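Participant: First the structure, then my questions, so here it is.
The values are calculated or read from the model by the stated rules, or taken from the named source; none is laboratory data. Since this is a predicted model, take the numbers as computed values, not measurements. Please note: Cβ atoms are built from the backbone with ideal geometry, for glycine as well, and neighbour counts cover all protein chains shown. Side chains are part of the model used for accessible areas, which takes the heavy atoms of the whole protein and leaves out ligands, DNA and RNA. Shrake-Rupley method; radii C 1.70, N 1.55, O 1.52, S 1.80 Å.
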Amino acid sequence: MAEDPTRFDPYGLFETLDRHRISYIVVGAFARVVQGAEELTRGVDIVPSTHPENLRRLGQALEDLNARGPTLDQATPVHEFATDCGQLKVVVEPAGTRGYDDLRRAATREPLGRGVRPSVASTGDLARMLAALGREHDLPKLQMMRRVMELERGELQRSRAIER
Amino acid sequence: MRSAALIREARLRAGLTQTELAERTGRDRSVIARWEQAVVAPSVDTLVELVRACGFDLPLELVPYERADARLDKNVMLSPERRVRRLLSTTEPADG
């Protein structure tokens, strides 16, 4: 397939990961958009389970995606790949977290259409990661995530009041 | 910083490296990197010049301002699927 650097097809990306039964959590800008933030991105960041079998399957999925980038290994904290479906960043242990098992507890499966339902990190965890990075240019994103958390809490309280 | 995201977005859509964009605009690659990392911000004129060097335009016009909070409130009301579709329609490369 001819390389098209402008292509961004998150559906194709998630379908490939799911076809290979990869256990992962979506984090980063794409996750924040799914959770309600207003950001622009043309890539997907994932935190995979570091179980050896999962990493082996991830390697196969990367081959299917024609991924160009470093060799996948557990020692490297962040792997950035250019794939036929756009940029894919594989982060073993995002800042402020203890990786997949930590994020999995609060992550939720979000229906994105076309039958795709990836596990997406919670707003609280996404804010935690941004705060841990401590970068000045991430401050507006962090404020936005905190606002989304407030709105979520308000929505939860409203729905509980209706249940009563 | 929005200019940083815009420059990176335009460059990636054009399939250019920082070095290639630097060559096209007669600047050093490190300057492009500092703009993209939001270490410093370019002037509006420079921003338009960089975006054009990537084959895009950045029309500047006055439109009524909607507070970021209000926009976010509306966005949160959308389903995750609609949020993603909105993102994709925003970042879709122009035809041609």
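Participant: Over its Cα atoms, what ratio of radius of gyration to 2.2 N^0.38 Å does chain B give?
Facilitator: 1.24
Participant: Can you give the Rg/Rh ratio of the protein assembly as shown, where Rg is from the C-alpha atoms and Rh is the Kirkwood radius?
Facilitator: On the Cα set of the protein assembly as shown, Rg over Rh gives 0.97.
Participant: Tell me, what does the Kirkwood hydrodynamic radius of the stretch A:10-122 come to in angstroms if you use every pair of distinct C-alpha atoms?
Facilitator: 13.9 Å
Participant: Can you give the accessible area buried between chains B and A, summed over both chains, with a 1.4 Å probe, in Å² to the nearest 100?
Facilitator: 2300 Å²
Participant: Between A:Thr83, A:Thr123, A:Thr71, find the one with the highest GNM mean-square fluctuation for chain A; connect C-alpha pairs within less than 10 Å.
Facilitator: Residue with maximal mean-square fluctuation among A:Thr83, A:Thr123, A:Thr71: A:Thr71.
Participant: If you take the charge dipole of chain B about its Cα centre, with +1 on Lys and Arg Cβ and -1 on Asp and Glu Cβ, which of B:Ser30, B:Ala68, B:Leu12 is farthest toward its positive end?
Facilitator: After comparing all options, I get B:Ala68.
Participant: Below 8 Å between Cα atoms, with a sequence gap of 6+, how large is the relative contact order for chain A in percent?
Facilitator: 23 percent
Participant: Right, another one. For the stretch A:1-102, give me the percentage of DSSP beta bridges that are antiparallel, rounded to the nearest 5 percent.
Facilitator: Counting DSSP beta bridges with both partners in the stretch A:1-102, the antiparallel share is about 75 percent.
Participant: I want the local charge near A:Arg19. Using Cβ-Cβ distances under 15 Å, sum +1 for each Lys or Arg and -1 for each Asp or Glu among the other residues.
Facilitator: So the environment of A:Arg19 carries a net charge of -1.
Participant: Please build a GNM for chain B, connecting alpha carbons under 10 Å apart, and tell me which residue among B:Arg86, B:Arg29, B:Arg67 fluctuates the most.
Facilitator: B:Arg67
Participant: When the helices in chain A are scored as -39500 (n - 2.57) per DSSP H run of 4 or longer and the sum is shared across all residues, what 222 nm value do you end up with, to the nearest 500 deg cm²/dmol?
Facilitator: That comes out to -13500 deg cm²/dmol.
Participant: Gap in Å between the Cα centre of the stretch A:84-118 and the Cα centre of the stretch A:46-68?
Facilitator: Spelled out, the Cα-based centre of one part sits 13 Å from the other.
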